[in-house]
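Here the structure is laid out as structure tokens; the discussion comes afterwards.
Quick note: the coordinates plus some simple rules give every number you see, no bench work behind them. Remember, it's a predicted structure, so these values are computed and weren't measured experimentally. Note that each Cβ is placed from the backbone with ideal geometry, even for glycine, and that neighbours are counted across all protein chains shown.
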Amino acid sequence: MMLKLSGVHAHYGHIHALRGIDVEVQPGEIVTLIGANGAGKSTLMMSLFGNPRASAGRIVFDGEDITGLPTHEISQRGIALVPEGRRIYPRMTVLENLQMGAVLADPANFEADVARMVELFPILGERKLQRAGTLSGGEQQMLAIGRALMSRPKMLLLDEPSLGLAPLYIKKIFQIVRELNSEFGMTIL
């Protein structure tokens, strides 16, 4: 089992956002959470990283209970999140954004990892020195995914990966998700 949430509850102050959530994700699976706005999908993703911290229940990743770990230690275990709304660093270049994603990775792999991102997302290679805030929404989403992949995660969390994107970019994003899963065996939630 790659990820198991058992009876997870989470709160934002007095608001009880998650109520007894159970989810299991096997290695190499793509698992999709579907629900209305406000149903708790983003809260569940953020709770995996301890923000908000699970107020009850248990989160186990790769056989280890990570429920109470600090966010940076959870990231070090091999989980990467592409947050809703992309949250790239707009004033930094595309390359600098990729560097931010590589903070936890072995520096010896940096050039190879950048080359892999450019192979997955050719537009990032063309725009490597361009400020990220000047990219289109679809290009920013590709950059956000590339940034997350620079950490060489075991599991990739995608929060609303198609939000606000043109159909062409949505198709490209989901094609890349399938490719990451089939060619690299990446587990994706």
Segment 36-187: relative contact order from alpha carbon pairs under 8 Å, six or more residues apart, as a whole percent, is 27
Kirkwood Rh for segment 76-145 from C-alpha pairs, in Å, is 12.3
If N is the residue count of segment 44-84, its Cα Rg over 2.2 N^0.38 Å rounds to 1.05
Expressed as a whole-number percentage, the relative contact order of segment 1-95 with C-alpha contacts under 8 angstrom and at least six residues apart is 30
If amide H atoms are modeled at 1.01 Å from N in the peptide plane, then the residues at a separation of 5 or more from S55, or on another chain, having amide H under 5 Å from its own are H9, A10, H11
Straight-line reach check, K4, cutoff 28 Å on alpha carbons, 8 or more apart in-chain or any other chain, hits among lysines -> K41, K154
Among (i) 0.96; (ii) 1.12; (iii) 1.05, the value of Rg/Rh (Cα atoms, Kirkwood Rh) computed for this structure carries the label (i)
Computed ³J(HN,Hα) along segment 48-53: with the Karplus parameters 6.51/-1.76/1.60, θ = phi - 60°, integer Hz and x for glycine or proline, the list is 4, 9, x, 9, x, 5
Cross-link reach from K128 to aspartates and glutamates, straight Cα distance under 18 Å and at least 8 residues apart if same chain, gives E96, E111, D113, E119, E139
N181 and A36 label points (each 7 Å along its Cα→Cβ direction) are spaced in nm at 2.7
So L104 and L163, fully extended at 0.36 nm per residue minus their Cα-Cα distance, gain in nm 18.5 nm
Rounded to two decimals, the Rg over Rh value of segment 109-160 from Cα coordinates and the Kirkwood Rh reads 0.96
For segment 27-38, Karplus-derived ³J(HN,Hα) couplings (6.51, -1.76, 1.60; θ = phi - 60°; whole Hz; x for glycine and proline) come out as x, x, 8, 10, 10, 10, 9, 10, x, 5, 4, x
For the chain, longest principal axis from Cα atoms; helix 167-184 axis from its Cα atoms; angle between them, nearest 10 degrees, is 80
Computed about the Cα centre, the charge dipole of segment 1-119 from +1 Lys/Arg and -1 Asp/Glu charges at the Cβ has a magnitude in debye, to the nearest 20, of 540
For segment 97-148, averaging the sequence separation of alpha carbon pairs under 8 Å that lie six or more residues apart and dividing by its residue count, the contact order in percent is 56
Once phi for every residue in segment 40-45 is put through the Karplus expression 6.51 cos²θ - 1.76 cosθ + 1.60 (θ = phi - 60°), the whole-Hz ³J(HN,Hα) values, with Gly and Pro written as x, are x, 4, 5, 4, 4, 4
Rounded to 0.05, the calculated FRET efficiency for the beta carbons of A56 and T93 at R₀ = 35 Å is 0.25
Expressed in angstrom and rounded, the centroid-to-centroid distance over alpha carbons for segment 45-90 and segment 1-40 is 12
Summing -39500 (n - 2.57) over every DSSP H run of at least 4 in the chain, dividing by its residue total and rounding to the nearest 500, the 222 nm mean residue ellipticity is -10500 deg cm²/dmol
For segment 1-51, the Kirkwood Rh over every pair of distinct alpha carbons, in Å, works out to 11.7
